[in-house]
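Here is the structure we will look at.
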Amino acid sequence: MSAALVLGRSRIKTLILNTEKPRNLVTTHSHGFLTQDGKHPSDILKTAKEQLSKYPSVTYSIEKATDLKQDDEWYRVVTEKDEYLAKRVIIATGYKDNIEEVGIKGLASVYGKSVYPCPFCDGFELADKKLAVFGDAFMAPMFSKTISHWSNDVIVFTNGENVENEDLKRSLQNNRVLLVEEEIKQLHSTNGILQKVELASGKIIEREGGFIPDTKSTESTDFAKKLRISTEKGPFDMEVYKVDENKETDIKGLYIIGDARTGWSGVAVSVAEGSMVGAAITHQIIDEEWKE
Ligand SMILES: Cc1cc2nc3c(=O)[nH]c(=O)nc-3n(C[C@H](O)[C@H](O)[C@H](O)COP(=O)(O)OP(=O)(O)OC[C@H]3O[C@@H](n4cnc5c(N)ncnc54)[C@H](O)[C@@H]3O)c2cc1C
C-alpha cells in the first residue's frame, strides 16, 4: 500500500489485492513506526485505505491472489474472483505465524496480547515485568540475552529440551537468567495476559508476559518459491530473497518487500521498502517512455 501511494501519486495504474490479514492483526497495539506508534493494526490499515482512495489510478480490492504466473513480459495474477495482467508485480504478502505448531498449550491465547515475537515492538510495555522466554534449547537462551535488556526477571523455558551447551548455560547464570528445562503442561492467562506457566510436574511459575523467538512462521504465499526467485544469506544466517537496490528480484518486473522477503521486517521497514519500490518503478516507466 505504501508502494501504491507513490505509484498513485505518479498516476500509474495500480491494483492492490489484499486479504486484510496483516501478521500483527493478533496484537492490540503496533509500536515503533513513527506517527503510528501505539495504533491498532486495523486503524493503520483504515487510514492507509482512506489516504489511497483519493488517487484515481489506484484500485483497492479485498481479494485473495491464488496464483502468479509469468507470461512473456506480462504477469498473470489469478485470484478467487478474477484474473489480472500486470507488467510488474510487487509481492508483499508477508508471513504467517503458526503458533499451534509450537506445541505449548495456551500459547495461542497470549500470543500478541502478552507474549510477543519482537522486543523492539513490545519490550517497552513489558519492561521490568516477570518475563518468560519460550523456545528450543538454543534459541530461547540466546534470545533471553536480548530480553534481559528490558527486565531483570527473565526465565527461559525450553519445554523439555536440555541445554547441552555449557557456555550458554554459564552465560545465563552469569546474567541471572533462570533456566527451566522441564516440559510445559500449559500456560494460564486472563484475557490474554499470561499469569502462570504450569510444568508437567504440576509446579506453577508466575509470569506476567514473555517472548518467543520461533513462531514456526512460514511465507503467506508460495509465489516467490514457485517463480524461483533466487535467495541469499541474510541477517542471522537466514535465507532471504535476493533483490537489487530497487527491491527487484532477478526476474524482471518482479519485486519482493517486507516480511515476504526476509521473514521479518517490521511495519516501518515494510512501508519504507514499499515507498522505495514505488519510486523505482516510476523511474523505470519514465525511462521506457523517454525517447533518446
Ligand atoms: C504479535 C505481533 C506483534 C507485532 N508487533 C509489531 C510492532 O509493534 N511493530 C512492528 O513494526 N512490527 C510488528 N510486528 C511485525 C509486523 O506485523 C510485520 O513485520 C509487518 O506486518 C510486515 O509487513 P508486510 O507488509 O510485509 O506484511 P503484512 O503486514 O503481514 O501484510 C501482508 C498483507 O498481505 C495480505 N495477503 C497475504 N496473502 C495474500 C494473498 N494471497 N492475496 C492477497 N493478499 C494477501 C495479508 O492479508 C496482509 O494484509 C508484529 C508481528 C506480530 C506477529
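The values are calculated or read from the model by the stated rules, or taken from the named source; none is laboratory data. Being a predicted model, the structure only gives us computed values, none of them experimental. Virtual Cβ from ideal backbone geometry, glycine too; neighbours counted across all protein chains shown. Please note that ligands, DNA and RNA were not included when accessible areas were found on the heavy atoms of the full protein model with its side chains. Shrake-Rupley method; radii C 1.70, N 1.55, O 1.52, S 1.80 Å.
For the stretch 6-42, how many residues meet the condition of being within 13 Å of the ligand (Cβ to nearest atom) and more than 15 Å from residue 88 (Cα to Cα)?
Final tally of qualifying residues: 25.
Of all residues in the stretch 51-72, which are outside any strand (DSSP E or B), open to solvent by 50 Å² or more (accessible area, probe 1.4 Å) and more than 15 Å from residue 223 (Cβ to Cβ)?
Selection gives 51, 53, 54, 56, 62, 72.
Quick check on my filter: what residues within the stretch 79-94 are within 10 Å of the ligand (Cβ to nearest atom), part of a strand (DSSP E or B) and surrounded by fewer than 20 Cβ atoms within 10 Å (Cβ to Cβ)?
79
When the residues of the stretch 78-101 are narrowed to those that are out of contact with any helix residue (DSSP H, G or I) (no Cβ under 9 Å at 6 or more places or on another chain) and among the hydrophobic types (A, V, I, L, M, F, W, C), which ends up nearest to residue 147 (Cα to Cα)?
78
May I ask you to list the residues in the stretch 226-243 that are within 16 Å of the ligand (Cβ to nearest atom) and either modelled with pLDDT under 95 or within 18 Å of the chain's Cα centre (by Cα) (or both)?
The answer is 234, 235, 236, 238, 240, 241.
Scan the stretch 1-50 residue by residue and report those that are among the small types (Gly, Ala, Ser), over 19 Å from residue 85 (Cα atoms) and not in a loop (DSSP other than H, G, I, E, B).
2, 30, 42, 48
Residue 75 fails exactly one of the following numbered conditions: (1) away from the ligand (no atom under 13 Å from the Cβ); (2) assigned to a helix (DSSP H, G or I); (3) open to solvent by less than 50 Å² (accessible area, probe 1.4 Å). What is the number of that condition?
Unmet condition: (2).
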